[in-house]
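Worksheet: the structure to be examined is printed underneath.
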There are 2 protein chains.
Amino acid sequence: MNELWMEYPEIGNMLEEVNALILRSTNDADEFITEAVSSAVVSSGKMLRPAFVVLSAKFGDYDKESLLRLAAVTEMLHIATLVHDDIIDEAKLRRGIESVQSRYGKDSAVFIGDYLFAKCFTLLSEKQHNKSMEKLANAILKICRGELKQYRLRYMYDVNIMNYLKIITGKTAALFSMSFHIGAAEGNLSDRQIKTLSRIGYYCGMAFQIIDDCLDYSDKKTIKKSTMNDLKQGYLTLPVIYALGKDKDNKLKHLLETTDFNKTDMETIHDLIMSYDGLTQARQLAKKYTAKAFKLIETLPASDNRNTLEDIVKKMLHRKY
Amino acid sequence: MNELWMEYPEIGNMLEEVNALILRSTNDADEFITEAVSSAVVSSGKMLRPAFVVLSAKFGDYDKESLLRLAAVTEMLHIATLVHDDIIDEAKLRRGIESVQSRYGKDSAVFIGDYLFAKCFTLLSEKQHNKSMEKLANAILKICRGELKQYRLRYMYDVNIMNYLKIITGKTAALFSMSFHIGAAEGNLSDRQIKTLSRIGYYCGMAFQIIDDCLDYSDKKTIKKSTMNDLKQGYLTLPVIYALGKDKDNKLKHLLETTDFNKTDMETIHDLIMSYDGLTQARQLAKKYTAKAFKLIETLPASDNRNTLEDIVKKMLHRKY
């Protein structure tokens, strides 16, 4: 069990059941898939998305078996997107262990991801989860649209904030929001409550991703190679985009446009982002989304479950940034 | 309209409507996707799979709008699998025009395929096609299992026929069978008739793929570079597998194992396949599947529609092989 859930054993235990269900559901396949899924499950992180499904349902009444299935599908969808992401990033590692694409090759990774997508839908269709299925498919559409937009906007140094927000909506907020939504629907909550929880998921997702993007620039000394590579490949995140907005003499823009900058250049880039307040502004926007999430959480009926949700979101969003 | 359908304008017109629906359904997305789908639609081949959906439904009563949607989904699923296939094969062309992966890059191709998969499910969930959705998801599972099995069995020169048959079930027969099945179900046919049509699809698919694999070896002089590359990458098809079964002195096996054979070696490989009757045996198996398909078609109620189905299957399977 991930340490995040030690304090909340009820949720932690359900997440262990979710993992067991994922393993059971995927053991009908080629050993490739079974192995790949097992290693993903073993190295599973905080399992935030299935936890959101569970926490949302617990505001109402739910059927446990059905809920576990929805939570498992949410995590499987997340794993599938990671498997496909790693193909593109050529990532060697995922959560500290060798990535599927590195271990089994890109060819297999394409179909392992596809298999997991399809498996999500079979699990839902067996139980007539028609509405959840629509939500799931819509989340995948948003994820793909976001990824494609991100790819298309590479090297566009006059990218506007709106495009960045659309990209991270797909990248993170769509799946967060879906997790809250299908959990709330399974808990038989009112349409209004479902909408509220879904918004909480959206705001959490936006804040989470912006914080993630800020962490890349939090310290000049520990700047990661992957951050530099992303920049070289023309992928811009919020601190950079804000900084470019103040880059009247195109100093930062020209540096980025060389795309073969070295470590010293990267330090100059970092300094420019700082002097243009790129990081500060990005952090401010993250805070706005965080505040919106908490404000909505407060409107939910007071309960132990609400306290748990609040705690988890706090821990998730109050990372060092 | 593809020339195959000129003689059957009713089906041909419905297929044109299917294409229009695919274009309408995918114009909500990034221009990447819209363009990629348009070019796939423009270069669409015979559209056998959506035609099977339509032909099967016409044995009963159907709702036209609903049927067109199912047919469109079937073709979109097919396009999605082609887009992902081309990533792996690094194919430059697809149906004579530049492939999605070549034109937009592998990165985009992964997400364009995912987008199309997801779109299939949203189109079905809007109309509560729950059963069709299950069939669709199951077909994707079979396709992925087949592809992964094929990949895992590369370079295994003692591959048995059963594994080859499982691979082509996923590669071709699963989607053929699904097309017949969901069309028949939409036509409100009896369970027995649905099963019969589904079997026809399966047999057609098996025959179709074996014939395709035979065509690669039909003439020594016109042997394609892609056939040689497949062999070098350890992908074995039925004529080769049958030949290996008679390769007592491992002559063929050793040649294949070198994996860097030149054009002259390839001619020797071809001669060995011929002398071991690999092609003849493969053709015989294709004939068996073809006969099974026609036998079942004859059990369907006599009608113009049955005649059309019979004609189409004949044209499809009586290719030069």
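The values are calculated or read from the model by the stated rules, or taken from the named source; none is laboratory data. Remember, it's a predicted structure, so these values are computed and weren't measured experimentally. Here the Cβ is made from the backbone with ideal geometry for all residues, glycine too, and neighbour counts use every protein chain on show.
Observations
- Members of segment A:97-119 that are touching a residue at least 40 places away in the same chain (Cβ under 8 Å) and at the interface with chain B (Cβ under 8 Å from one of its Cβ atoms): A:Ser108, A:Ile112, A:Tyr115, A:Phe117, A:Lys119
- Residue ID - farthest from A:Ala243 (Cα to Cα), chosen from residues in segment A:150-167 that are in a helix (DSSP H, G or I) and hydroxyl-bearing (Ser, Thr, Tyr): A:Tyr151
- In segment B:286-312, the residues that are touching a helix residue (DSSP H, G or I) at 6+ places or on another chain (Cβ under 6 Å) and within 24 Å of B:Ser218 (Cβ to Cβ): B:Ala286, B:Tyr289, B:Thr290, B:Lys292, B:Ala293
- Some residue of segment B:160-167 being surrounded by fewer than 22 Cβ atoms within 10 Å (Cβ to Cβ), more than 13 Å from chain A (Cβ to nearest Cβ) and modelled with pLDDT under 85: yes
- Test: residue in segment A:181-188 that is at pLDDT 95 or above and touching a Cys at 6+ places or on another chain (Cβ under 7 Å): no
- The residues listed here are B:Ile88, B:Ile79; of these, the one that is in a helix (DSSP H, G or I), closer than 17 Å to B:Glu17 by Cα, within 14 Å of another protein chain (Cβ to nearest Cβ) and touching a helix residue (DSSP H, G or I) at 6+ places or on another chain (Cβ under 9 Å) is B:Ile79.
- Filtered residues of segment A:127-149 (kept if within 24 Å of A:Asn27 (Cα to Cα) and either surrounded by 24 or more Cβ atoms within 10 Å (Cβ to Cβ) or within 7 Å of chain B (Cβ to nearest Cβ) (or both)): A:Gln128, A:Ser132, A:Met133, A:Leu136, A:Ala137, A:Ile140
- Cβ-Cβ distances below 8 Å connect the following pairs, each with a first residue in segment A:149-178 that is of a type in the set (Lys, Arg), a second residue that is surrounded by fewer than 15 Cβ atoms within 10 Å (Cβ to Cβ) and in a helix (DSSP H, G or I), and a separation of six or more residues or different chains: A:Arg152/B:Glu31.
Yes/no per residue for (1) among the charged types (D, E, K, R); (2) touching a Lys or Arg at 6+ places or on another chain (Cβ under 9 Å); (3) without any contact (Cβ under 8 Å) to a residue 60 or more places away in the chain:
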| site | (1), (2), (3) |
| --- | --- |
| B:Met14 | no, yes, yes |
| B:Leu21 | no, yes, yes |
| B:Asp30 | yes, yes, yes |
| B:Ala36 | no, yes, no |
| B:Pro50 | no, no, no |
| B:Lys64 | yes, no, yes |
| B:Ala80 | no, yes, yes |
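- Segment B:269-294: number of residues that are buried (at least 21 other Cβ atoms within 10 Å of the Cβ) and in a loop (DSSP other than H, G, I, E, B): 1
- Filter pass, B:Leu70 being within 8 Å of chain A (Cβ to nearest Cβ), touching a residue at least 60 places away in the same chain (Cβ under 8 Å) and in a helix (DSSP H, G or I): no
- Hey, B:Leu215 surrounded by 12 or more Cβ atoms within 10 Å (Cβ to Cβ) and touching a helix residue (DSSP H, G or I) at 6+ places or on another chain (Cβ under 6 Å) or not: no
- In segment A:1-56, residue farthest from the chain's Cα centre (by Cα) [restricted to those that are of a type in the set (Lys, Arg) and surrounded by fewer than 20 Cβ atoms within 10 Å (Cβ to Cβ)]: A:Arg24
- Residue match in segment B:191-211 (condition: over 21 Å from the mean Cα position of the chain (by Cα), assigned to a helix (DSSP H, G or I) and touching a residue at least 40 places away in the same chain (Cβ under 8 Å)): yes
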